Amino acid sequence: MKILFVVNNYYAPGNGLSASARRTVQYLREAGQEVRILSGPNLEQDEPQPDYLLKVIKIPIFDGLIRSHGYCFAGTDKAVIREALEWADLVHLEEPFIIEMVAGRMAKEMGVPCTATYHLHPENMFSSVHLGGWKFLNNTTLRLWRDYVFNNCSHIQCPTRNVMERLQRFHFKSELHEISNGIVPDTCLVKREVPPADAPVKVLCVGRLAVEKDQYTLMRAMLYSRHADKVKLFFAGRGPEAEKMKRAAAKLYSDGVVKYAPEFGFCDREQLRELAAASDIYVHCANVEVEGLSALEALQQGPVPVIAQGELTATAQFALDSRSLFPAGDARALADRLDYWIEHPEERIAMGPKYAELMDTYDIHKSIAALIDMFHKACKA
């Protein structure tokens, strides 16, 4: 099958959506599918470029903010899009933006089957300008995406149950499929043992340093934790809130709230793997999250998770019990969960392998098989 992936910024480093698209394409090709890319350019000149190249466009006023998220938008050269669609048996949209709107409409006119993955909520975008809580704006945006992008698609991949239920509430016309974006199978690097009583408790938080990822709640939790002096925090990621978050974390240390200086760093996959293996607890604070692959990847290494639970955060579905859940944004509740796991190291050690085993459910090979099945259904429609 000849599959055309449409994405604004396929090669963007540090952007979860682009990374997911690259991984999916890699495994589709390994499964025998022929895949080409319609996208803006790879900004690394000596690196591979998309099969069908679109120019980058700048968004007035917001261009700096967009680029701080490791992202940029591609233009809509209809001649290039038409050439790509003429090659394809099926077109797959990775986003709900202008390029996908045009490509989806043209695919419909040309009789090319069209599918999509729902990768982000409107709140993912608007949280950056502190409008994530404005329901009218976000709901209106989602309806526009539905009417002008997703309704051109016969089938939509929903990475989680949370996403599927939201699209159902908004009466999307497409057939919805709950298919995880998937993670690469991995084995635990270390066998965990109960640490010495005086050892620091290493707490890992992975994700873009952005408003909706809400790392601030973890920092505030240190003010309420009975064991903040034992906690060593590591924030893995980069993004527009980086400097502000670093200042907030440094203040925790200078004020004596935490004994160990919090650390920040952007890590590749192998470094994250090693960090997760060395960590005792993984914290996921995001209040807007379509899936949260960083959490799944970290849990393969056996740290116990504490995950935010809220209307728009799907990652909570990976928790095995209430000890690993807290209401999104509630720093006191997060502190309580952290204190529990710190005070019960034997239980912590026992639960880690159970989470690692659960991650087999999200093996990317299973996701790719389900996605190919979805593509076949779209082509037969």
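Of all the residues in segment 121-140, those that are out of contact with any Gly (no Cβ under 8 Å at 6 or more places or on another chain) and of a type in the set (D, E, K, R) number 1.
Within segment 156-165, the set of residues being buried (at least 16 other Cβ atoms within 10 Å of the Cβ) and without any contact (Cβ under 8 Å) to a residue 60 or more places away in the chain comprises 156, 158, 164. Looking at this structure, is residue 109 under 20 Å from residue 381 (Cα atoms) and free of Cβ contacts under 8 Å to residues at least 24 places away in the same chain? Yes, satisfied.
Looking only at residues of segment 176-191 that are β-branched (Val, Ile, Thr) and more than 13 Å from residue 297 (Cα to Cα), we find that the one that is surrounded by the fewest Cβ atoms within 10 Å (Cβ to Cβ) is 190. From the list 102, 112, 190, the lone residue that is assigned to a loop (DSSP other than H, G, I, E, B), over 23 Å from residue 16 (Cβ atoms) and modelled with pLDDT of 95 or more is 112.
Highlighted here are the strands (runs of 3 or more DSSP E) found entirely within segment 274-350 that include at least 2 residues which are under 18 Å from the mean Cα position of the chain (by Cα): 281-284, 304-309. Counting only residues that are buried (at least 19 other Cβ atoms within 10 Å of the Cβ) and out of contact with any Ser or Thr (no Cβ under 6 Å at 6 or more places or on another chain), segment 1-14 holds 6 of them.
The values are calculated or read from the model by the stated rules, or taken from the named source; none is laboratory data. On a predicted model such as this, the values are computed, not experimentally measured, just so you know. Every residue, glycine among them, receives a Cβ derived from its backbone with ideal geometry; neighbour counts consider all protein chains shown.
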